[in-house]
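Below is one structure. I have some questions about it.
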Amino acid sequence: MTTITVENIKKSFGDADILKSVSLDIKDQEFTVLLGPSGCGKSTLLRIIAGLETQDSGTIKIGDRVVSHLPPRERNVAMVFQNYAVFPHMTVFENIAFGLRMKKAPEKKIKENVERTAALMHIDHLLKRYSGQLSGGQRQRVAVARALAVEPDVLLMDEPLSNLDALLRLQMRAELKSVLEASKTTTVYVTHDQVEAMSLADRIAVMNSGRIDQYDFPDEIYNNPATEYVGSFIGNPPMNFISPDFQVGTVPNGAFQLGIRPEDFHISKEQRDNYWPITVLTREKLGSHQQLSAELNGQLFRVNIPNEIEIESGNTLYLMPKEDKKRWYTEGGKIIL
Amino acid sequence: MSDLSYDEILEKEVREVNRKKKMWRWLFLSSVAFLVSWILFPIYLLVVNSLSSADVINGFPKNFWPAFDMESLHFFVNYYGVLGALKNSLIAALFTMVIAIGLGTPAGYALARFDFRGKETFRMLILLTRAFPMPLLALPLAVIFINVGLDDSLFGLSLVHTALALPFSVLITSSLFLGIPVELEEAAWVLGCNRWQAFMKVVMPLALPGLTASAVFAFVISWNEVFAAAVLTVNNQTLTAFLVQSLSTSPVEVKFAGGLILILPAILFLFVVRKYLFSMWGIANR
Amino acid sequence: MNKKYYPYVLIAPSVLFLLIFFVYPFIEVFVQAFTSSDGHVGLSNFENIFTDYNFLPSLKNTLLLALVVVPVQLCMAVGMSLMISKMKKGRDTVLYILTIPLGVSDLAAGIIWLAILDQNGFLNSFLFSIGVIDQPESWLNYQNPIIIFTAVVVAEIWRATAILLVILVSGIGLIPKEYYEAAEIFGANSWVRLWKVTLPLLRPSLQTALILRTLLAFEVFAVVMLLGGSNMPVLMGETFNWAFNYQDAGAASAYAVVILALSIVFTLFYLRVLRVPKGARI
């Protein structure tokens, strides 16, 4: 049973509060993604879990063991780094064997584990090579195999795919997903890429300048953003936030803004009751649909419409938000349930 | 008016451009050749002198070809005090190398891997040493060494030479460690190493060639140093001190052979570290 | 042990060493210079050296030497580093050869040039063989102070241009070639590119190179001793004489203070003249 419990972790560098009392409960075998823009503290949190940084206060538990005071080597974690950190002076075999050798594992087990994980990552033909003779994607595979070979309690990944080119990234993402599902290791994965997060995660923790705004299943994060920040970070284009002064319909108490996703509008080319007349500013054809940037009473918003609707910039279009998709937010940016 | 066709004009232009290119190329190559011989020829002449007998050296006019006569070198080696001086130079340089690397490497690692209060002050102290004529510090140290029994000792001298070499070894090693991604070390920590093991298993193998280069650099600094050596050693002279102190008394062939012996190891060592010369200075620069 | 203390433990040996062998002797130089032979604080050491007949000539020679040698070397080093940056084939070999003098001490350089300029040296042999002279000339004697000075200049240029070259080559290596391409697209010829792109961007390297080289010029000693002997006194040589031949540590320290003062003045001068505005670096 390898749960990870993060309790009230605080960390600051100089004057900058990087983590402002973060707590997180990660279940056994769960794949958790820490998602947020650069500088939100997600990598720092991961590195604190790994033991590479020391928290100012708070505790980390792996299983039932408090590890926050332990150096990385005593936490039985493994980590995959953004730039892979494959040791250049060792062969692929020695790289993958490194952790096991440090644990003084018997030679037979080392060989078995190296060969098993290398086969899993499809690099069994590269075992004698050095890192300089590998492509970026191959190095990435070595880094993952090296992490899996030690059979860690917890696998930590710091933007492992961000240095790969787009096509390779898609391929590796799918592969990682199946490998990690099979390995059943509790995993914490850091990324700034929401698509990666949505596709890989069991649960996503969306981080916003040192806090976790929402920790939930991907669907929940998308459909019910807990804060205005989450809504505007997830989704491409993000959720529209519109002040309710020209709203039609019931506005709940304390509501300051309406959040509505670009695809959640009823659309009409003619004026209808309760529809908003919007002025189209730009139209972008995206293949599967069209995306409009539009304006109403000085408020900008984005709308996705089907390809069949013919519209030019400058034209007027009529919209109504779908009732069940409306989300209301307080002035502080919190969702009203 | 004789009309030239377009093709003829074009051909003329191309010819003109090619001629200019050729001229520049020639000028370029001859200046390269000139500079190379400007450096090498004087060294060659020293070699000629060292490989000639005393009669030839003192004779006139000189032959520009070496006679491959070992008399001068023989005489030099057997000249009173030379062998001892050679040995002393070697010992002082080795001491300097070991102390400078031993002290400089940890400091370089600290500069590369840690942020700490006083880091900038330390860096300033290091850089400051380069803004002063360090050999002069041998003067007060000569007095101090007498009081602590280090006078006329190679160890004392190598301490002064270390003061010259240490700033370089700190800056060079710190740039070496900066060039090794910290993630490699972190990966080793996560995979079960403590700091020392990670340093020995991951950082050291990668830094070794550069460390060797900076050690060689420290060696050459000591080997070549004249002033402090001449002030601090009397009976235990290094080769440079010996040559300076006996300028007026030693025969010319001793000087020339000594000069050759002085520059040979330096040239050899520079050849070994040539790859690092520029990265060293590129960084020692800031 | 707390992780916080690691860096201090790591730098402690170096700091301690520099305190003992740099800061302390540095202070001690001043103490000795301002302590007269009877143990009182005073300027008697300076009076001694200022009234010495060799002081003014040695000051003049040292400054003049730096003033002549450093600019010539700078121009040569800039030219050489540009040349090397244009080379493809053989670049490494040429670079290695041009930096050989880095490993040659001023003593060895003095010996090399002595072999050439000596009365029985190679220069005379050459001039004799082409019939310019009919007997060996003694160039380096006291009647020819200008020739002695020139000989030292040549030897210094030969020996110490390499240090500038190395600093400048690595400086040029830091300039991205896009800047040149941009300048060329906008119509700058190679001369303009040198003055408007290379040299301004090279300013930090030029600064380091000049400071280092000028300080080394003030330390010149063995070359002069070999080529000029007592006919061309320089500050460092006088310091050596007072310390070694006259065994007068106070006077030697006073000389050392003069050299240190010169070094500081010139360092500050270069820092001021060649300062690079914050944020204008590559």
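With loop defined by DSSP as not H, G, I, E or B, and exposure as at most 14 other Cβ atoms within 10 Å, which is the longest segment of chain A clear of exposed GluC sites (Glu not before Pro)?
Longest run free of exposed loop sites: A:1-269.
Hey, in the GNM for chain B with a 10 angstrom Cα cutoff, which one of B:Thr121, B:Thr96, B:Thr129 fluctuates hardest?
Result: B:Thr121 has the largest fluctuation of those listed.
Less than 28 Å apart at the alpha-carbon level, and either on another chain or at least 8 residues along: which lysines does that give for A:Lys27?
A:Lys10, A:Lys11, A:Lys42, A:Lys61, A:Lys103, A:Lys177, A:Lys184, A:Lys334
To the nearest 500 deg cm²/dmol, what mean residue ellipticity at 222 nm is calculated for chain C from DSSP H runs of n ≥ 4 alone, each contributing -39,500 (n - 2.57), summed and divided by the residues?
-21000 deg cm²/dmol
Can you list residues whose amide H is under 5 Å from A:Thr3's amide H, if they're 5+ apart or on another chain and H is modeled 1.01 Å from N?
Close amide H contacts, sequence-distant or interchain: A:Gly63.
Rounding to the nearest 10 and keeping the result within 0 to 90°, find how far the Cα-based axis of helix A:166-183 lies from the longest principal axis of chain A.
Between the helix axis and the principal axis of chain A, the angle is about 60 degrees.
Let me ask you something else. Could you work out how far apart the two model spin labels at C:Lys60 and C:Tyr246 are, taking each label as a point 7 Å from the Cα in the direction of the beta carbon, and quote it in nm?
1.9
Any chance you could get the radius of gyration and Dmax over the Cα atoms of chain C, in Å?
Looking at chain C, its Cα Rg and Dmax stand at 23.1, 80 Å.
Another question, if that's okay. Zone of B:Val143 (label point 7 Å along Cα→Cβ, backbone N under 12 Å): which residues in segment C:29-59?
C:29-42, C:45
Related question: Could you work out the relative contact order of chain B? I mean the mean sequence separation of Cα pairs under 8 Å and 6+ apart, divided by the number of residues, in percent.
Relative CO of chain B lands at 26 percent.
Nearest 0.05, what FRET efficiency do A:Val251 and A:Asp219 give at R0 = 35 Å with Cβ-Cβ as r?
For R0 = 35 Å, the calculated efficiency reads 0.85.
Okay, next question. Could you size up the charge dipole of chain B around its Cα centre, putting +1 on the beta carbon of Lys and Arg and -1 on that of Asp and Glu, and report it in debye to the nearest 20?
Result for chain B is approximately 460 debye, rounded to the nearest 20.
Please enumerate, by chain and number, the aspartates and glutamates with C-alpha under 17 Å from the C-alpha of C:Lys3, excluding those fewer than 8 residues away in the same chain.
Filter leaves A:Glu53, A:Asp56, A:Glu74, B:Asp115, B:Glu185, B:Glu186.
Amide H neighbours of A:Val80 under 5 Å, at least 5 residues apart or on other chains, H built in the peptide plane: list them.
A:Leu156, A:Met157, A:Asp158
What's the local net charge at B:Gly259, with K and R +1, D and E -1, over the other residues with C-beta under 13 Å away?
-1
Further, regarding this structure: How far apart, in nanometres, would the label points at A:Lys184 and C:Ile20 be if each is projected 7 angstrom from Cα along the Cα-to-Cβ direction?
Using points 7 Å along Cα→Cβ, the separation is 6.2 nm.
Using only Cα atoms, locate the centre of segment C:65-137 and the centre of segment A:88-148, then give the distance between them in Å, rounded to an integer.
Result: 55 Å between the Cα centres.
Quick check on chain B: take the gyration tensor over C-alpha atoms, sort the square-rooted eigenvalues as a ≥ b ≥ c, and tell me if it's rounded (a/c under 1.5), prolate or oblate.
Here chain B falls in the oblate category.
Further question on the same structure: Taking segment B:80-183, which trypsin sites (Lys or Arg not before Pro) meet the DSSP loop condition and have no more than 16 other C-beta atoms within 10 Å?
Filter output for segment B:80-183: B:Arg117.
I need to check one value: relative contact order of chain A, counting alpha carbon pairs closer than 8 Å and at least 6 residues apart, in percent.
Computed over chain A, the figure is 17 percent.
Continuing with this model, one more query. Just how large is the dipole of the protein assembly as shown about the Cα centre, in debye to the nearest 20, putting +1 at every Lys and Arg Cβ and -1 at every Asp and Glu Cβ?
Charge dipole of the protein assembly as shown: 820 debye, to the nearest 20.
Loop-only trypsin sites (Lys or Arg not before Pro) in segment A:274-323, please: DSSP not H, G, I, E or B, and at most 15 other Cβ atoms within 10 Å.
A:Lys322
Cα to Cα, under 26 Å, and not fewer than 8 places away if on the same chain: which lysines meet these conditions relative to C:Lys86?
Cα-Cα hits under 26 Å: B:Lys20, B:Lys21, B:Lys22, B:Lys275, C:Lys177, C:Lys196.
With solvent modelled as a 1.4 Å probe, how much accessible area in total do chains C and B shield from it at their shared surface, in Å² to the nearest 100?
7600
Taking Cα pairs under 8 Å and at least six residues apart, what relative contact order does chain C come out at, in percent?
Dividing the mean separation by the residue count of chain C yields 28 percent.
How many percent of the accessible area of the protein assembly as shown is carbon or sulfur, using a 1.4 Å probe?
Carbon and sulfur atoms account for 60 percent of the accessible area of the protein assembly as shown.
Follow-up question, since we're still on this one. Do the sum for chain B: with -39,500 (n - 2.57) for every DSSP H run of n ≥ 4, divided by all residues, what is the mean residue ellipticity at 222 nm, to the nearest 500 deg cm²/dmol?
Roughly -25000 deg cm²/dmol at 222 nm, from the helical runs in chain B.
With solvent modelled as a 1.4 Å probe, how much accessible area in total do chains A and B shield from it at their shared surface, in Å² to the nearest 100?
Summed over both sides, the interface buries about 1700 Å².
A follow-up question, please. Please report, in debye to the nearest 20, how large the charge dipole of segment A:4-233 is about its Cα centre when each Lys and Arg carries +1 at its beta carbon and each Asp and Glu carries -1 there.
1040
Using the charge dipole of segment B:123-200 (Lys, Arg: +1 at Cβ; Asp, Glu: -1 at Cβ; taken about the Cα centre), state which of B:Trp196, B:Ile144, B:Pro133 has its Cα farthest towards the positive end.
The one lying farthest along the dipole's positive direction is B:Pro133.
Further, regarding this structure: Only helices at least 20 Å long along their own axis, judged from Cα atoms, and with Kyte-Doolittle mean hydropathy of 0.0 or greater: name those in chain B from DSSP H.
Once both thresholds are applied, what remains is B:6-50, B:82-113, B:154-178, B:204-224, B:252-284.
Highest GNM mean-square fluctuation, chain B, Cα pairs closer than 10 Å: which of B:Leu178, B:Leu243, B:Leu260?
B:Leu178
While we're on this one: I'd like to check one number: the per residue accessible area of segment A:273-337, probe 1.4 Å, reported in Å² as a whole number.
About 57 Å² of surface per residue is accessible.
Hey, what number do you get for chain A at 222 nm if only DSSP H runs of n ≥ 4 count, each worth -39500 (n - 2.57), divided across all residues, to the nearest 500?
It lands at -7500 deg cm²/dmol.
Taking springs between alpha-carbon atoms closer than 10 angstrom, which of C:Ala151, C:Ala115, C:Ala66 fluctuates most in the Gaussian network model of chain C?
C:Ala115
Rounded to the nearest 5, what % of the DSSP beta bridges within the protein assembly as shown are antiparallel ones?
Around 75 percent of the beta bridges assigned by DSSP in the protein assembly as shown are antiparallel ones.
Got a sec? Charge dipole of the protein assembly as shown, +1 on Cβ for Lys and Arg, -1 for Asp and Glu; which of A:Ile212, C:Leu123, B:Val17 is way out at the positive end?
A:Ile212
Right, here's the next one. Using +1 at the Cβ of each Lys and Arg and -1 at the Cβ of each Asp and Glu in chain C, identify which of C:Phe186, C:Ile147, C:Pro176 lies farthest towards the dipole's positive end.
Sorting the options by dipole projection puts first C:Phe186.
The values are calculated or read from the model by the stated rules, or taken from the named source; none is laboratory data. All values derive from a computational prediction rather than experimental measurement. Don't worry about glycine lacking a Cβ; one is built from the backbone with ideal geometry, like all the others, and counts go over all protein chains shown. With ligands, DNA and RNA removed, areas are computed over all heavy atoms of the protein, side chains included. Shrake-Rupley method; radii C 1.70, N 1.55, O 1.52, S 1.80 Å.
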